[in-house]
Amino acid sequence: MYIQAIHLETSDYPTREYYPFNLPIFQKPLSLSFSAQVTFFIGENGCGKTTLLQAAAIRSGVQIWRETGRRRVQHNPFVDKFPDYLRIDWSGGRVPGVYFGSNYFQFFSEILDEWAVNDPGQLKYFGGDSLVSLSHGQSILSYFRKVFSVDGVFFLDEPETALSPKSQVELVNFLAHSSRDGHAQFFIATHSPILLACPGAAIYCFHDHDIRRTDYEQTEYYQIYREFMNGRDNFITRG
């Protein structure tokens, strides 16, 4: 493991009224230890899994390529301070990392295209083709094929976005292959039961006020999909 554990210190929060400091799951000190090369964060929307993923990436020195500078109707002066309260335990010193966010990927693709205007060789580091010339799903897979070949830590937020079920299976194989020799470690926030099936992965469920490790068959994602496939008429309301 490059990252052995993460710890959240809550005693000196600057506020408990503003997001993300007001999320119930972050109201008490938190320590998570990791023993698998692939770790999943799961839970309902708004539970805090992406917030923790991004904070861990930032504290690991990873650049998050996102558009900034836009004004907000309700400004939150505390939203960028959360990573300051997270501590990372490294096994042997910090290593390079990559952050992928499904909602930021288009912005990154456009920035990469701008770089390639003056230096086309930049594209070879991200699949070889202009990512904006491919479909959304194709560009994501092309990006993953290239960057997963680099040693380091990868933080992925809902990488299944825009991927067909077949492409999700391909992504699972990427994860399994890249992590097999111990040179890549993954932290992934997801809603996909296909990705959760990655062999040897650890799954942490964000629920209520706790984060707990759980087995694949015990996840709500697996159970809902299984019940739906076995009796979809029970899920669909016909008007």
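The values are calculated or read from the model by the stated rules, or taken from the named source; none is laboratory data. All figures in this text were calculated on a predicted structure; none of them were measured in a lab. In this analysis, Cβ positions are derived from the backbone assuming ideal geometry, glycine residues included, and neighbour counts consider all displayed protein chains.
Quick test for you: out of Leu156, Leu175, pick the one residue that is within 14 Å of Ile42 (Cα to Cα) and touching a residue at least 40 places away in the same chain (Cβ under 8 Å).
Values: Leu175 fails: within 14 Å of Ile42 (Cα to Cα).
Every option except Leu156 fails the conditions.
Just checking, does region 83-97 include any residue being in a helix (DSSP H, G or I), farther than 25 Å from Leu8 by Cβ, among the hydroxyl-bearing types (Ser, Thr, Tyr) and at pLDDT 65 or above? Walk me through how you get there before you give the answer.
Start the filter on region 83-97 by keeping residues that are in a helix (DSSP H, G or I), which leaves 83-85.
Within this subset, residues satisfying the condition of being farther than 25 Å from Leu8 by Cβ are none.
No, the conditions are met nowhere in region 83-97.
Considering each residue of region 157-178, count those that are buried (at least 18 other Cβ atoms within 10 Å of the Cβ), out of contact with any Gly (no Cβ under 8 Å at 6 or more places or on another chain) and either of a type in the set (A, V, I, L, M) or within 21 Å of Ser33 (Cβ to Cβ) (or both), and give that number.
Summing the residues that are buried (at least 18 other Cβ atoms within 10 Å of the Cβ), out of contact with any Gly (no Cβ under 8 Å at 6 or more places or on another chain) and either of a type in the set (A, V, I, L, M) or within 21 Å of Ser33 (Cβ to Cβ) (or both) in region 157-178 gives 3.
Restricting to region 191-239, what's the tally of residues that are over 19 Å from Gln37 (Cα atoms) and of a type in the set (Gly, Ala, Ser)?
Residues in region 191-239 being over 19 Å from Gln37 (Cα atoms) and of a type in the set (Gly, Ala, Ser): 2 in total.
Keeping to region 20-51, report how many residues are in a loop (DSSP other than H, G, I, E, B) and either of a type outside the set (Gly, Ala, Ser) or in contact (Cβ under 8 Å) with a residue 40 or more places away in the chain (or both). Spell out how you get there, then give the answer.
Applying the first criterion (in a loop (DSSP other than H, G, I, E, B)) to region 20-51 yields 20-23, 27-29, 34-37, 44-48.
The next check asks that each one be either of a type outside the set (Gly, Ala, Ser) or in contact (Cβ under 8 Å) with a residue 40 or more places away in the chain (or both); those that pass are 20-23, 27-29, 34-37, 44-45, 47-48.
Total satisfying the criteria: 15.
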